[in-house]
Amino acid sequence: MANVELKNVSKVFLGQSGVVHGLTGVNLAIPAGEFLCVVGPSGCGKTTLLNVIAGFELPDQGDVLVDGARIGGPSSDRFVIFQEPALFPWLNVRQNIVFGLRMAGVDQRIQDEKAEALLKMVHLTRFASSFINELSGGMKQRVALARALAMDPAVLLMDEPFAALDAQTRDMLHEELEAVWQQTNKTIIFVTHNVREAVRLGSRVILMSGRGGSILKEYPIDLPRNRYLEDVQVVTIASKIRDELRQEAVRANEAGGTDAH
Amino acid sequence: MRTDSKSDISHAQLFLRRHERMRSRVMRLAFLAAAVCLWHFLASAGVWNELLFPPPREVLQSLISGFSDGTLPAAIFASMWRLCIGYGISLAIGVPLGLLIGRIRLLDDTVGSLAVGLQSLPSICWLPMALLWFGLTEAAMQFVIIMGSLMAVTLAVRDGVRATPTFYLRAAPILGAVGWRFYRYVLLPASFPSVVTGAKLGWTFAWRSLMAAELLYVTTGIGSTLMMGRELHDMALVVASMLIIITIGLITDRFIFKLGEEFVHKRWGVG
Ligand SMILES: Nc1ncnc2c1ncn2[C@@H]1O[C@H](COP(=O)(O)OP(=O)(O)O)[C@@H](O)[C@H]1O
Ligand SMILES: [Mg+2]
């Protein structure tokens, strides 16, 4: 549990074709325990937002505060789940999950106990000794989730983690993630380009502008849990956001803002 | 993806693959036999002086007598021992150096560019310097082997480190792998495929440097045996030594480095 606050955060990149605005004057307060989803057109700065919060990139302007204190670089307290699972192919599933504990010098017995509990939680007990190369995409993301939970971070940052998965696997992972969030009350910042996924998971959805990485609109989602992607209310809210997103993409194109990939 | 061992399809595939491997093995042996026969006929046709073009039979005899009087095993052992020490030192320096150069810009601009420059120097060019520094000692030979292979190992590992995907580098600090732990537990295994490539390249360079050095240097060793054949006008010994050199090269390539590459292929799914 930790609250995250961005104060007037800006970040520019020097690209091949001049200055690119990754983030422009972003103000955002994320109370502890919120499940925040971030959507926006491709290239609008969603990944940059996560990288800045994770501490991988320093903002050019403004501050990122966690529980009121300015962050200093990456920390296991703000754990990132990347789109490519970023697991270590030279270690098996169990070893990947406890890697962080091993680095911290945690007692072997405690490592084993945690590994068993997490393997069970993500339904991978049978695959504890498998190597990463032998797993499907969905299993890899479950290992990545277990590895993140092993570090017990206050904030979980997720960058389109389920984008490459098939619909059934994604539905299952939505349920697992929602359960984790409800049990642990972690602060989750979840980036996706899938608006319905954002509405299904988030307690709030923010829409980023395609022109220079600022926040365009935000939508509190007050629907009861547990939700489904097909819920009428989910679909209704999602289509409202999607219309806005589409208009924004058009406006961004006309302004010659970002590329459209 | 794990294939279902019960399915007929995978059985058939396995059979076909084995069959194919068998066939290519037979083809290789047949080709080798044909080459030896051709050699035999060319030698016995008497076009060339037998002293300059010995038949396979004489080479075989030379091999047999060399092995039975112990001179060839001693020469092979001396060369391999030398190689293992020099190559071992190259690995022990080159792998950590490559890891550091790949990560630290300042080191790459300095030591890295020096390595690139020295890489273009054929290793045997180090021999005069080695002889002046170390005299006619083992150290001189080791020096040539190390200078011949160190750059290749270092640069291959450096390139591997540079190609390490960003998400490994970003996952490391949030998992608490910082400082030396980052190098030992993330960077080294992450660049293991290129370490294998570098090790293989380094071995080839070390082996060639050693042979070049032994040819110019009076000592026990398989390269020196080759040179001795020349001095004694014993062409059969020359060819026998060359065959041994080829065989050692093939064995290390086939068995030692194949194992490393197969391991990489299985775990990393590349290579
Ligand atoms: N390291 C970088 N160098 C140059 N430009 C970058 C870099 N990282 C991101 N950008 C640019 O910043 C913008 C925002 O990128 P990103 O945050 O990755 O967008 P998103 O994740 O929403 O697709 C894009 O136009 C992208 O090209
Ligand atoms: Mg992105």
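The values are calculated or read from the model by the stated rules, or taken from the named source; none is laboratory data. Bear in mind that the values here come from a model prediction, so they are computed numbers and not experimental data. When we count neighbours, we look across all protein chains shown, and the Cβ atoms used for this are built from the backbone with ideal geometry, even at glycine.
Of note:
- Criterion (away from chain B (no Cβ under 12 Å), of a type in the set (Val, Ile, Thr), crowded, with 17+ Cβ neighbours inside 10 Å and away from ligand 1 (no atom under 16 Å from the Cβ)) met by exactly one of A:VAL66, A:VAL39, A:VAL98: A:VAL66
- All helices (runs of 4 or more DSSP H) inside region A:137-208 with 3 or more residues being within 16 Å of ligand 1 (Cβ to nearest atom): A:195-201
- Taken over region A:37-52, residues that are touching a residue at least 12 places away in the same chain (Cβ under 8 Å) and either farther than 23 Å from A:GLN247 by Cβ or away from ligand 2 (no atom under 16 Å from the Cβ) (or both) amount to 2.
- Enumeration of residues in region B:122-173 that are loosely packed, with under 15 Cβ neighbours inside 10 Å, within 14 Å of another protein chain (Cβ to nearest Cβ) and assigned to a helix (DSSP H, G or I): B:THR166
- Yes/no for B:VAL178 being of a type outside the set (S, T, N, Q) and part of a helix (DSSP H, G or I): no
- Checklist (1) within 14 Å of chain A (Cβ to nearest Cβ); (2) among the basic types (Lys, Arg); (3) under 18 Å from the mean Cα position of the chain (by Cα) applied to B:LYS258, failing item: (1)
- Restricted to region A:133-152, and to residues there that are of a type in the set (Gly, Ala, Ser) and over 13 Å from A:THR169 (Cβ atoms), the residue that is farthest from the other protein chains (Cβ to nearest Cβ) is A:ALA146.
- Failed condition for A:GLY55, given (1) away from chain B (no Cβ under 14 Å); (2) more than 15 Å from ligand 2 (Cβ to nearest atom); (3) not acidic (Asp, Glu): (1)
- Restricted to region B:93-116, and to residues there that are among the small types (Gly, Ala, Ser) and closer than 21 Å to B:THR166 by Cβ, the residue that is nearest to the chain's Cα centre (by Cα) is B:GLY98.
- Of all residues in region A:76-95, those satisfying the criterion of being facing chain B (nearest Cβ under 7 Å), within 16 Å of ligand 2 (Cβ to nearest atom) and in contact (Cβ under 8 Å) with a residue 40 or more places away in the chain are A:VAL80, A:PHE82, A:ALA86.
- Annotation note: Cβ proximity below 7 Å between a residue of region A:159-173 that is closer than 22 Å to A:VAL80 by Cβ and a residue that is within 16 Å of ligand 1 (Cβ to nearest atom) and aromatic (Phe, Trp, Tyr) (sequence gap 6+ or interchain) occurs for A:ASP159/A:PHE82; A:ARG170/A:PHE162; A:LEU173/A:PHE162.
Yes or no, residue by residue, for (1) touching a Lys or Arg at 6+ places or on another chain (Cβ under 8 Å); (2) of a type in the set (Val, Ile, Thr); (3) farther than 22 Å from B:ALA78 by Cα:
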site: B:ALA206; (1), (2), (3): no, no, no
site: B:ALA212; (1), (2), (3): no, no, no
site: B:ILE222; (1), (2), (3): no, yes, no
site: B:GLU231; (1), (2), (3): no, no, no
site: B:THR252; (1), (2), (3): no, yes, no
site: B:TRP268; (1), (2), (3): no, no, yes
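- Of the listed requirements (1) more than 16 Å from ligand 2 (Cβ to nearest atom); (2) out of contact with any helix residue (DSSP H, G or I) (no Cβ under 7 Å at 6 or more places or on another chain); (3) assigned to a strand (DSSP E or B); (4) in contact (Cβ under 8 Å) with a residue 12 or more places away in the chain, A:VAL19 misses just one: (4).
- Taking the criterion of being touching a helix residue (DSSP H, G or I) at 6+ places or on another chain (Cβ under 9 Å) and within 12 Å of chain A (Cβ to nearest Cβ), the residues of region B:174-188 that qualify are B:ILE174, B:LEU175, B:GLY176, B:ALA177, B:VAL178, B:ARG181, B:PHE182, B:TYR185, B:VAL186, B:LEU187, B:LEU188.
- Any pair with Cβ under 7 angstrom, 6 or more apart, that starts in region B:61-80 at a residue that is of a type outside the set (A, V, I, L, M) and ends at one that is not in a helix (DSSP H, G or I): B:SER79/B:GLY221
- The residue list A:ALA163, A:ALA198 contains one member that is within 18 Å of the chain's Cα centre (by Cα), modelled with pLDDT of 95 or more and among the hydrophobic types (A, V, I, L, M, F, W, C), which is A:ALA198.
- Conditions (1) more than 12 Å from ligand 1 (Cβ to nearest atom); (2) at pLDDT 95 or above: number failed by A:SER76: (2)
- Every pair of residues 6+ apart whose Cβ atoms lie under 6 Å, when the first sits in region A:185-200 and is away from every other protein chain (no Cβ under 14 Å) while the second is of a type in the set (Lys, Arg) and within 14 Å of ligand 2 (Cβ to nearest atom): A:VAL191/A:LYS46
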